[in-house]
Amino acid sequence: MKNTALLALGVLACTGAAAFDASDKPDARAMRESQDQADDPPRLGSHFTREEHERRREDLEHRRERETLEDAEREARRDAKRPARTPPSPNMTYHGGKIMTTVVSKAIFWGPKWADPAFAKDKITGLDNWYTYHSGSNYAAASNEYTGSNGKVGSTGLLHLGHVIDTTKASNGAITSAILGEVCRMIPTPDPQGNGYYPVYTDVRRGRAGYCAWHSYGTCHGIPVQFGFFFDLEGDSGCDPGDNPAITGHSQGLAALANVTGHEIAEARSDPANPGAWYDPQGAENGDKCAWTFNTPYVTFSDGGKWRIQGEWSNAAYNNKTGYANLSGQKGCLDGH
Ligand SMILES: [Zn+2]
C-alpha cells in the first residue's frame, strides 16, 4: 500500500515518502518502525539504545529458540506435512532499490540551545570534521560492497557542505514529517542528483524514547533527499559509546553523536529509500546488525582524527569469515579501522 502524501509546510511543500508496502513481513515492519502517522515517511534503522537493542536481540533469540523447539516436537510427531525450518542466514538481502553512490551532506543544528556555546561545545565543528574526513576512510569503505539499481555504494569523494543553524524550537523526532519539513525549510536547494543527506541534530533530550537516532527519506521541492534525526545525547548513558577524551580530544556529547552518525550514514548509503536496498529478514540494516560493538577502540579518518564508532555489517565478511562478532555472535561486522 503506497500512500504518497503532500505535506503543506508553510510556504514550502514537501512530498512525504511512501509508507511500507503491505507485503512487508510483520517482523521487518516492526524493526523498520513504520510511521507514527499515516502520511509520515517511515523511520528506518533506528539506532536503538544499548538497553533497547539488547531487549530486541533477546526477543529474537527467544523466538528462534521457540521455533527450534517446535521443529523438534514436530519431528518427534513425524509431521511430514510441515518440514522443519532451516536456520535463516543472518545476511542482508537486496530489496530492489537504489543505494547512495556518493553523498552530498549538510548538517542542520536545530533548537535554541545551539546558540549557546556552553551547549554547542565542540559538537558543530567536530561533526563538520566528521563528515568531511569520513570520505575516503576505511570506515566509509566498510559499506562499499553493496550495489543497487543505480550502481555501487561509493566511499570516496563524499562532499560535506558544512552546516546551518536554526534556533527555532526543534521537534522531538517522533513525527518524521516534522523533521523532513525542517530539512526542506533549511535546504532550499537539495542536491539535484538526489545524493543529498541532511542530518538534523536537535537540542531535544531523549527522555523515554528507545532510540538515539534514526534515518529516513522524502522529497523536498520535488528532489529526493535522505535525512537523519538525532537527540541531544550528552550525558545519556543509553547512547554513550564510551569514548576516551584523552585519546580523541572529543567531548562526551560529540563522541556520542559521532557514533550514531556513523550508524545512520552507513544505513542511508546502503538502504536509502523505499522499496529499500539492503536489510535482513528482521528489517535490520548494516548499522543495526553491529550496533554497540566496537572491535577496534578507535577508527581513523582521512585527516588522522580518531573516533569511537561502531562497526558495520558486511555480508562478504560473514561469508568469508573475516568479520568480528555482533552481540548475537554472528561474525559479519567490519570495524573500519
Ligand atoms: Zn539503524
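A short reminder: the numbers here are calculations on the coordinates, not readings from a lab. In this text the structure is predicted, and so the values were computed from the model without any measurement. Cβ sites come from the backbone with ideal geometry, for glycine too, and all protein chains shown count toward neighbours.
Data overview
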read-out	value
Cα gyration tensor category, rounded, prolate or oblate, for region 162-293 with a/c compared to 1.5	oblate
Lys, Arg +1 and Asp, Glu -1 on Cβ, resulting dipole of region 105-226 about Cα centre, debye, nearest 20	320
Contact order relative to length of the chain, as percent, for alpha carbon pairs under 8 angstrom and 6 or more apart	23
With Cα atoms, 0 to 90° folded angle of helix 176-186 axis to the chain main axis	30
Within the chain: Cβ-based charge dipole about Cα centre, in debye rounded to nearest 20 (Lys, Arg +1; Asp, Glu -1)	480
Within-10-Å neighbourhood charge of P112 [Cβ basis; K, R +1; D, E -1]	-1
Kirkwood hydrodynamic radius (C-alpha pairs) into Stokes-Einstein, region 194-247, 20 °C and 1.002 mPa s, D in µm²/s	165
Ranked by how many other beta carbons lie within 10 Å on average, peptides 243-253, 127-137, 57-67 from highest	127-137, 243-253, 57-67
Positive-end residue, region 98-334 charge dipole about Cα centroid, Cβ charges, pick of L158, S328, T102	S328
Nearest-20 debye value, region 203-291 charge dipole, Cβ charges on Lys, Arg, Asp, Glu	120
Radius, Kirkwood style, for the chain when every pair of distinct Cα atoms is counted (Å)	20.2
Selection from P281, H263, N195, by position along the positive dipole direction of region 98-334 (Cβ)	P281
Cα Rg over Rh - region 68-173, Kirkwood	1.28
Nonlocal Lys pairs with alpha-carbon distance under 21 Å, the chain (8 or more apart, or different chains)	21
